[in-house]
Amino acid sequence: MPKILTSQLTKKQAQLFDFVEKFQQRKNYSPALHDMANHFGVSIPTISQHVDYLEKKGYVVRQKGVKYSIQIIKNLRDIKDVQPNPTGEIFNISNKEKLQKKIETGLGSIFFTKQYKINQIYNINCLELMKNIRDNSIELIFADPPYNLSGSNFKMKFKKSGGADLNTNKGQWDHYGDIEFEEFTRKWLTECFRILKPNGSIWVAGSYHNIYLTGYLMKKLGFEILNEILWHKSDATPNLSCTRFVADHENFIWARKGKGNIFNYDIMKKLNDGKQMRSIWTRGKTAGGKRIHPTQKPEWLLERIVMATSKTKNIVFDPFMGSGTTAVVAKKYGRKYLGSELDRDYFKKAIERINQTTCQNII
Ligand SMILES: C[S@@+](CC[C@H](N)C(=O)[O-])C[C@H]1O[C@@H](n2cnc3c(N)ncnc32)[C@H](O)[C@@H]1O
């Protein structure tokens with residue numbers, strides 16, 4: 001921690017700041033009050049008071065009453081456009097507020113460094129990309145993460161019918177041990193919570209394999225769940241083992257971080273023949289052209305999500321871009337996009353798709 005920061009804090013506050021920073025670097029999520037209290041051997045109210053001071057001085061922000069929500073204002077050292085004030089401080093509350101206003105009104109860069117840009121996707125780990133995005137800067141997140149369902153490794157060839165082969169193994173990216181999967185899910189959701197605007201929305205896709213863990217963690221992190229949408233797949237693959245029901249739906253959790261989120265009620269009603277839009281959406285997997293990814297989402301589904309919960313020029317962020325469906329739809333509807341995809345081949349295919357897309361509708 002640079003001297004210039006510590007000089008503005010008491011010794012205790014500086015130690016606490018240091019602890020929070022190191023804890024986050026190590027674990028990729030924030031310490032809870034009890035972690036800090038245990039570490040310093042003091043009571044939770046005492047620690048809470050110290051955190052209050054750090055917050056008042058503009059070093060951290062937190063949502064009171066929400067566990068793991070303490071966030072370092074990491075940009076302290078990176079802000080280039082903040083002028084030193086006459087007392088020699090590099091940062092003060094009013095500068096922080098000004099920067100936050102700029103980000104919220106879309107005038108400030110949402111990145112900590114110049115290396116990243118809006119309307120791009122990156123061939124990197126989503127945790128790395130999110131680390132570089134400022135707090136409270138994204139209007140809409142759509143996340144279609146690994147569901148961790150590839151363990152069963154069931155394969156079948158459809159020789160007679162000429163249909164696509166069935167393979168429950170979607171790729172190495174979908175293999176996790178239970179503990180590792182929970183840890184990974186917690187990490188990326190924690191980052192999503194941090195970068196989402198207070199009035200933004202998040203959607204997370206899943207199936208029975210991951211959706212219960214996801215919903216549980218989202219609530220713990222402070223998200224408020226608004227709806228669960230069920231996509232009823234009208235062209236689902238039959239259950240070939242004949243030992244279970246046909247799994248012909250996927251789940252989408254729609255949640256928010258604070259109040260004031262967008263819901264384009266009238267557009268949704270119009271799309272549903274003048275009746276209120278329901279939470280079960282029945283339609284096929286293949287709508288929207290040829291599939292180039294084993295778990296590619298149809299464009300119609302993303303269109304509905306983007307139209308319902310964002311407006312023109314909003315930033316739509318997808319940590320798990322796959323074949324780029326989210327970016328394609330965002331571009332089509334005059335939104336900005338941003339995302340990451342680890343797999344080089346899917347990344348390249350996503351870029352091709354995005355480049356072939358033009359903005360068609362401003363809704
Ligand atoms: C369920 S698929 C997304 C499919 C996408 N919605 C589409 O329509 O094509 C999940 C993707 O996340 C990628 N992935 C897995 N872990 C990742 C990580 N840590 N960071 C970025 N991408 C990751 C996988 O390579 C995979 O392509």
* From the list THR309, THR282, pick out the single residue that is in contact (Cβ under 8 Å) with a residue 12 or more places away in the chain, crowded, with 21+ Cβ neighbours inside 10 Å, touching a strand residue (DSSP E or B) at 6+ places or on another chain (Cβ under 9 Å) and hydroxyl-bearing (Ser, Thr, Tyr). => THR309
* **Test: GLU183 is modelled with pLDDT of 95 or more, within 13 Å of the ligand (Cβ to nearest atom) and not aliphatic (A, V, I, L, M)** => yes
* To do: Kindly provide the set of residues from the range 134-149 that are within 14 Å of the ligand (Cβ to nearest atom) and either outside the structural domain of GLY258 (by TED's automatic domain parsing) or over 17 Å from MET218 (Cα atoms) (or both), ordered by number.
  => ASN148, LEU149
* Within the range 20-33, can one find any residue that is surrounded by 13 or more Cβ atoms within 10 Å (Cβ to Cβ), among the charged types (D, E, K, R) and at pLDDT below 65? -> no
* **Residues located in the range 36-70, provided they are at pLDDT 80 or above and of a type in the set (Lys, Arg)** => ARG62
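The values are calculated or read from the model by the stated rules, or taken from the named source; none is laboratory data. Just so you know, these numbers come straight off a predicted model, no measurement behind them. Backbone-built Cβ (ideal geometry, glycine too); neighbour counts: all protein chains shown.
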